[in-house]
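Everything below concerns the one structure shown next.
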Amino acid sequence: PCKGEILTQTARYWFEETADICPNHVLEYPDPNVVVGTRLDILPVEIVVRGYLAGTTSTSILTRYKRGDRDMYGIRLPDGLRDNERLAEAIITPTSKAAHGGHDEPLSKAEILEQGLLTQAQWDTVSDYALRLFARGQQRATERGLILADTKYEFGTDKNGTIILADEIHTPDSSRYWIASSYEQALASGSRPESFDKDFIRSWVSARCDPYNDPIPKIPDEIVEQASGVYAQAYEAITGKEFSPDLSGDSVLDRIRANLAGYF
């Protein structure tokens, strides 16, 4: 419940907070759940930026590091890092954009250029934008008592070839947020810091099946409600604003249809 509105409004906050760093796709917000954006050709690489040795999936840098991997994404990580430890500097760990139902594959800068996925100029632009966006996100998060541990960006090109930030930015769906006050104790004990992100659902599912190979079990209503509460808390913590859902209209879908009627 309310997830669409929360994510749209969280992204809106961040698009406005970072508009001085790079252009984004936003044209207008005709409804709390909807953003109308510029038509773009999406670049075939997802730009993931990480500030910490973290993650829960089988392909995360933490999982791979614990398996003994040190060379990942064209980057060499030192020995002796602890779970969720801050990296010496933010790193970019790009992935392919998998077809629906597939899995994103890790890529290095060299592979991206060799495969012609991006030109050198495009890579230089998106990597510069991504690191600056992440730095801004970490700065704002720190001011709110949060840690932005990692995130994902998607970029596209408009009809003039200009690179534009697309999709979403720094939402709980695309980012890993921790509660800053929980970090030092969690690091010392080897546990995971308290979080505001979709790891809440992912952890529930992973405890019951292999999400990459097994059918996903039905998620109980109470877990869904808890997840909705986590997202609302995240919005308030990130933006400093109280979340008040728009309950106008007979239903969310009816309200969206009415607000988008002028576009069709």
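When the trypsin sites (Lys or Arg not before Pro) in the stretch 57-91 are filtered for DSSP coil states and for at most 12 other beta-carbon atoms within 10 Å of their beta-carbon, the remaining sites are ARG67, ARG70, ARG82.
Based on other C-beta atoms within 10 Å, arrange TYR235, TYR29, TYR212 from fewest to most. Before the final figure, lay out the partial values.
Values: TYR235 23, TYR29 16, TYR212 10.
Going from sparsest to densest Cβ surroundings: TYR212, TYR29, TYR235.
Quick one: in the stretch 3-263, what % of C-alpha pairs are over 32 Å apart? Intermediate results must be reported in sequence, preceding the final value.
Numbers: 8358 of 33930 pairs.
Result for the distance tail: 25 percent.
A DSSP coil position with no more than 13 other Cβ atoms inside 10 Å describes the following trypsin sites (Lys or Arg not before Pro) in the stretch 110-193: LYS159. With a Förster radius of 25 Å applied to the C-beta separation of CYS209 and GLN233, the computed FRET efficiency comes to 0.40.
Charged neighbours of GLU16, selected by a Cβ distance under 14 Å, balance to 0 (K, R count +1; D, E count -1).
Seen from PRO78, the other residues with C-beta closer than 11 Å to its C-beta sum to a net charge of 0, counting Lys and Arg as +1 and Asp and Glu as -1.
Roughly how large, in nm² to one decimal, is the mean projection of the convex hull of the alpha-carbon atoms in the stretch 61-128?
Convex hull of Cα atoms, orientation-averaged projection: 5.7 nm².
Here the residues HIS170, HIS25, HIS103, ranked from fewest to most Cβ neighbours within 10 Å of their Cβ, fall in the order HIS103, HIS25, HIS170. Add +1 for every Lys or Arg and -1 for every Asp or Glu among the other residues with Cβ under 12 Å from the Cβ of VAL34, and state the total. Here the count lands on -1. For the pair ILE216 and ASP41 in one chain, pulling the backbone fully straight at 0.36 nm per residue adds 59.8 nm over the alpha carbon distance.
Listed by number, the DSSP H helices of the chain that run 24 Å or longer by alpha-carbon position along their axis and have mean Kyte hydropathy of at least -0.5 are 221-239.
By counting other Cβ atoms within 10 Å of each Cβ, how are VAL224, VAL34 ranked from fewest to most?
In order of increasing Cβ crowding within 10 Å: VAL224, VAL34.
With contacts taken as Cα pairs under 8 Å at a separation of at least 6 residues, the chain carries a relative contact order of 23 percent.
Applying Stokes-Einstein at 37 °C and 0.692 mPa s to the Kirkwood radius of the stretch 143-221, computed over alpha-carbon pairs, gives a translational diffusion coefficient of 215 µm² s⁻¹.
Each value in this text was obtained by applying a stated rule to the coordinates, not by laboratory testing. None of the values given here were measured: they were computed from a predicted structure. Glycine gets a Cβ as well: all are built from the backbone with ideal geometry, and neighbour counts include every protein chain shown.
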